[in-house]
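Some notes on the structure that comes next.
The values are calculated or read from the model by the stated rules, or taken from the named source; none is laboratory data. For clarity, every value in this text was computed on a predicted model and none was experimentally measured. Glycine gets a Cβ as well: all are built from the backbone with ideal geometry, and neighbour counts include every protein chain shown. Keep in mind that these areas ignore ligands, DNA and RNA; they rest on the heavy atoms of the full protein, side chains included. Shrake-Rupley method; radii C 1.70, N 1.55, O 1.52, S 1.80 Å.
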Amino acid sequence: MLKKIARAEKLTLEEDAVKAIIYMSEGDMRRAINILQAAATVKKKVDEKAVYDVSASARPEDVKKMLEAALAGKFEDARSKLVGMLIDRGLSGEDILQQVHREILSLEIPEPTKVKLMDKVGEVDFRLTEGANERIQLEALLAHFCLLGDRLKTT
Amino acid sequence: MSELWADKYQPQKLEELVGQPQAVKEMLNWAEGWRKGRPSKSALLLYGPAGTGKTAAAQALARQMGWDLVEMNASDKRAFDVIKHVAGTAATTGTIFSGATGKRLVVLDEVDNVYGVADRGGYRAIEELIEDPRNPVVLIANDQYEIPWQIRAASLMVNFRRVQQDAIVGALQKICRAEKIEAEPMALKVIAETSNGDLRSAINDLQALAKGKKHLAMKDVVLYKRDREANIFDVLSQLMRATTAKQARELLWSLDMPPEDVLAWVDENIPKMLADPADLAEAYEAIARADIFLGRTKRRQAYGMWRYASDMMTAGVAMSKRGELKYVRFQLPSIIMKMSRTKVARATRDSVARKVAGRCHTSSRVARKDFLPYLGVIFRREKNTAKRMSAEFDFSEGEVDYLTKS
């Protein structure tokens, strides 16, 4: 469908961009088309970067790198990635959490650990709805990732 | 010269006490009750921050009323042997010094730091002391909530507030006159400001600064003030070396900084010190809890909640350390630097989202996520449409600016 529209509108639609749109729209067709249109107004050539730039979503790559850094015990590194998303890109904590939640499933860690992490994400999300500080709560989550990553290493 | 000015210029009468008119009134009324017989509560509980005049007030009261004074410190084990003795043998028959009508004023300092808390023996001794109707008792504490409610309920509570800056300046001026020191008004003002309502520390500072001088200039004080601000660094390094929760908690008292800022400092620097991931996770849980309590404080305007936030950000963090500490150079919280830059942008983002949400019958969250990015595109590309939309949504100039640049 997206490709059909792209042809009709004479856009160059890259394969990565299609994947990104599908990922972000979560099966919502209207949303997918809206994202495409917005990205197309920036440039006739729609690539992955254009897609993420027009949507207020965390790039899955960024989130994945942040989580991997945390699991590897590099807390400072993970934290600076988080601050980059929160402050420089202006994303909300909830946007990032949503992404974290989706990424957990594809991480290479034991399944029971994933369940523990998702539970933790839920707790943090609830705290944010209560008005807690986004940065601090997400940092606490990353510290938890560090801890579980460390336990996996030693066992 | 070795005498402390803070002692030398103590109030002789309660009326001379600086900056606590309400407390003075309450204490005089209570003392009047003793003159006539017995007030409804035989004990006063003076509570408030350090250096606000609690001990000086108790001493002035005894002097004024012609009572003998028995001063003890509740953190000292020996105090309770004395208390038992005092409680048993009241001065109803008079003392050598004050004759047959004389009373004995028992002043017990640091009641929020009682010896023998574990077996409650200390508190029980205090309860017995204040139940005895024959002796006036003054209890003194910084933190009233550290004291069991039975004791608080049995005492007349008198609050000592941080002394106002003007009152501190006035007191410092008086001392300067007496000591024949010429001080620039601004210099005294800065000392007062730095003391954060702690008159004793202001007087100590003045004495330290003016030692051997006839003239106190602004520049002498400025350098000194910078010293005091380095304090947060001391607190952070001491925090991770604290071995008891109480020790960690008390570090905050010496700090003149709102709890949100302290938390930002802790948040920025503590993770760098902790080598063990288990310690790190636990410390962060405490930091996150502190943040939640701060949020609750603000939302409900329940400022009592502050103390739990303080507990978590000090004791909670300090007690999470089991492994090694790394040496670090402390840094100014990046959040403070970065947030001040983006705070405005965030506020604008949220207000735009609210306006859009209102017009489009949706939630702010959906508006922010699904609409704002596209609005941004429109505002950058289509000036005419943007103009019409600004009118439609009633965007302010700042909001238009935000959308054009986002």
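Overview of values
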read-out	value
Exposed-site-free run, longest, chain B (rule: chymotrypsin sites (Phe, Trp or Tyr not before Pro); DSSP loop; at most 14 other C-beta within 10 Å)	B:98-326
³J(HN,Hα) computed for each position of the range A:105-119 - Karplus, 6.51 cos²θ - 1.76 cosθ + 1.60, integer Hz, glycine/proline x	4, 9, 6, 8, 9, x, 4, x, 5, 4, 4, 4, 5, 5, 4
Residue B:272 versus residue A:33: modelled label distance in nm, points set 7 Å from Cα along the beta carbon direction	5.3 nm
Accessible surface buried once A binds B (1.4 Å probe; total of both sides; Å²)	3100 Å²
Estimated vicinal HN-Hα couplings, Hz - the range A:79-84 in sequence order (Karplus 6.51, -1.76, 1.60; Gly, Pro = x)	5, 5, 5, 4, 4, x
Antiparallel bridges, percent of DSSP beta bridges restricted to the protein assembly as shown (to nearest 5)	10 percent
10 Å Cβ neighbours from other chains, averaged over peptide B:291-299	4
Exposed trypsin sites (Lys or Arg not before Pro) absent - longest run of chain B, DSSP non-H/G/I/E/B, at most 15 other C-beta within 10 Å	B:242-321
In Å, descending, principal axis extents of the Cα set of the range A:1-68	40, 22, 18
Of A:120/B:272; B:298/B:355; A:43/B:387; B:25/B:180; A:10/A:65; B:13/B:41, those spanning more than 27 Å from alpha-carbon to alpha-carbon	B:25/B:180; A:10/A:65
Full-extension gain in nm, residue B:193 to residue B:387, via 0.36 nm per residue minus C-alpha separation	64.9 nm
For chain B, built as a Gaussian network whose Cα springs stay under 10 Å, the top-fluctuating residue of B:375, B:216, B:263	B:375
Interchain or long-range residues, amide H under 5 Å from residue B:138's placed H	B:44, B:106, B:107, B:108
Label point distance in nm, residue A:1-residue B:174, each placed 7 Å from Cα along Cα→Cβ	8.1 nm
Solvent-accessible area of residue A:101 with every protein chain in place, 1.4 Å probe, in Å² to the nearest 10	90 Å²
Under 5 Å, built H, 5+ apart or other chain: amide partners of residue B:73	B:109
Per-pair calculated FRET efficiency, R0 = 45 Å: residue B:244 and residue B:363 via Cβ, rounded to 0.05	0.45
Solvent-accessible area, 1.4 Å probe, carbon plus sulfur percent, for the protein assembly as shown	53 percent
Alpha-carbon centroids, the range A:42-99 and the range B:232-274: separation in whole Å	31 Å
Residue-averaged beta-carbon neighbours from other chains (10 angstrom radius) around B:273-283	5
Zone residues, the range B:150-172, relative to residue B:306, backbone N less than 11 Å from point 7 Å out along Cα-to-Cβ	B:162
Backbone HN-Hα couplings from phi across the range A:122-137 [Karplus 6.51/-1.76/1.60, Hz, Gly and Pro as x]	x, 4, 5, 4, 4, 4, 5, 5, 7, x, 6, 6, 4, 5, 5, 5
Buried on assembly, the range B:364-406 (at least 20 Å² less accessible surface than by itself, 1.4 Å probe)	B:365, B:368, B:369, B:370, B:373, B:374, B:377, B:381
Accessible area per residue, Å², the range B:204-323 with all protein chains present, probe 1.4 Å	47 Å²
Estimated inter-spin distance, residue B:32 and residue A:76, nm [label 7 Å along Cα→Cβ]	6.5 nm
Column: log10 I(q)/I(0), Debye, Cα scatterers of the protein assembly as shown, q = 0.07, 0.08 Å⁻¹	-0.61, -0.74
Rounded FRET efficiency, nearest 0.05, which uses the C-beta distance separating residue A:130 from residue B:211 and R0 of 56 Å	0.60
Cα long-axis angle, helix B:78-88 against chain B (0 to 90 degrees, to the nearest 10)	60 degrees
Neighbouring partner chain Cβ atoms per residue of A:127-135, average, 10 Å criterion	5
Pairwise FRET efficiency - residue B:234 versus residue B:401, Cβ, R0 = 41 Å, nearest 0.05	0.45
Amide proton proximity set for residue B:274, modelled H, under 5 Å, gap of 5+	B:326
